[in-house]
Amino acid sequence: MEKQKSDSKYIKNIVLYLSTLFGLGFVPKLSGTAGSLAACVFFFILPSSFGLYLVVLLSLIILSFMVCGISERIMGVKDPKPVIIDDFTGMFLSLFFASKQVIEILLCFILFRIFDGLKVFPSNLIEKKQGSLAILGDDLVAGGYALVVFYSGKYLANMFL
């Protein structure tokens, strides 16, 4: 019985470390922005490989989905502010077609933060749910919107400039 309690506490700690990006989510203000910036840094230092990017992105989505809902139950609050792996993952998605140029990463960051803040349909509906779907879903939608706008702009700029 003691071992089960010990194991349970250990698993809860791992889940919280992952969902808060090793405590970065406890930054007093703008924790979601901190998570988004962390994704930009991670993207920048990640070796340039489309295959590696896809593996990391899919792994992040799966990991985020696994830990967000559990963290919500552990903390006893709907979409807890310290849980920022969702912001990290949504931001990472928005960088799908970006190069390692700082200006492109910055543009994706700005677009992601705008769409994450606006809660454009269907984000506004998704965030009303509970658990991992609500926590991660709205950030994936924001990341998807940022990706589409960024890629469209990049495509048009390359076509006309």
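As a summary of the residue check, ASP79 satisfies the conditions (1) crowded, with 16+ Cβ neighbours inside 10 Å; (2) in contact with a Ser or Thr (Cβ under 9 Å, 6 or more places away or on another chain) except for the one numbered (2).
So which residues in segment 111-143 are modelled with pLDDT under 95 and of a type in the set (Asp, Glu), if there are any at all? Of everything in segment 111-143, just one residue is modelled with pLDDT under 95 and of a type in the set (Asp, Glu), namely GLU127. Go through the residues of segment 29-48 one by one and say whether even a single one is part of a helix (DSSP H, G or I) and out of contact with any helix residue (DSSP H, G or I) (no Cβ under 8 Å at 6 or more places or on another chain). Yes, because at least one residue in segment 29-48 is part of a helix (DSSP H, G or I) and out of contact with any helix residue (DSSP H, G or I) (no Cβ under 8 Å at 6 or more places or on another chain). I want to confirm something. Restricting to segment 12-42 and keeping residues that are under 16 Å from CYS108 (Cβ atoms) and among the hydroxyl-bearing types (Ser, Thr, Tyr), which single residue is surrounded by the most Cβ atoms within 10 Å (Cβ to Cβ)? It comes out as SER36. All but one of (1) without any contact (Cβ under 8 Å) to a residue 40 or more places away in the chain; (2) surrounded by 19 or more Cβ atoms within 10 Å (Cβ to Cβ) hold for ILE105, so report the exception by its number. Every condition holds for ILE105 apart from (1). On inspection, ASP86 fails the criterion of being among the acidic types (Asp, Glu) and surrounded by fewer than 20 Cβ atoms within 10 Å (Cβ to Cβ). Quick one: in segment 56-108, which of the residues that are closer than 16 Å to THR33 by Cβ and of a type in the set (Asp, Glu) is modelled with the lowest pLDDT? Residue satisfying both the conditions and the ranking: ASP79.
Could you tell me how many of the residues in segment 46-93 are β-branched (Val, Ile, Thr), without any contact (Cβ under 8 Å) to a residue 24 or more places away in the chain and closer than 25 Å to PHE150 by Cα?
Here is the first cut: in segment 46-93, the residues β-branched (Val, Ile, Thr) are 55-56, 61-62, 67, 70, 74, 77, 83-85, 89.
Those left that are additionally without any contact (Cβ under 8 Å) to a residue 24 or more places away in the chain: 55, 62, 77.
Still in the list and also closer than 25 Å to PHE150 by Cα: 55, 62.
Qualifying residue count for the region: 2.
Given the criteria at negative phi, surrounded by fewer than 18 Cβ atoms within 10 Å (Cβ to Cβ) and part of a helix (DSSP H, G or I), does TYR151 qualify? Don't jump to the end; show me each part of the working.
Working: at negative phi: yes; surrounded by fewer than 18 Cβ atoms within 10 Å (Cβ to Cβ): yes; part of a helix (DSSP H, G or I): yes.
Answer is yes for this residue.
Within segment 109-132, the residues that satisfy the criterion of being closer than 16 Å to LEU93 by Cβ and in contact (Cβ under 8 Å) with a residue 60 or more places away in the chain are PHE109, PHE112, ARG113, ASP116, SER132. Are any residues in segment 73-107 of a type in the set (Asp, Glu) and part of a loop (DSSP other than H, G, I, E, B), and if so, which ones? Within segment 73-107, just ASP79 meets the criteria.
Going through segment 43-54 one residue at a time, which ones are of a type in the set (A, V, I, L, M) and exposed (fewer than 11 other Cβ atoms within 10 Å of the Cβ)? The one that is of a type in the set (A, V, I, L, M) and exposed (fewer than 11 other Cβ atoms within 10 Å of the Cβ): ILE45. Inside segment 108-139, residues that are surrounded by fewer than 21 Cβ atoms within 10 Å (Cβ to Cβ) and either touching a Leu at 6+ places or on another chain (Cβ under 6 Å) or not in a helix (DSSP H, G or I) (or both) make up a count of 9. Here VAL83, VAL102, VAL67 are screened, and the one residue that is out of contact with any Leu (no Cβ under 9 Å at 6 or more places or on another chain) and β-branched (Val, Ile, Thr) is VAL102.
The values are calculated or read from the model by the stated rules, or taken from the named source; none is laboratory data. Since we're looking at a predicted model, the values are computed, not measured. Here the Cβ is made from the backbone with ideal geometry for all residues, glycine too, and neighbour counts use every protein chain on show.
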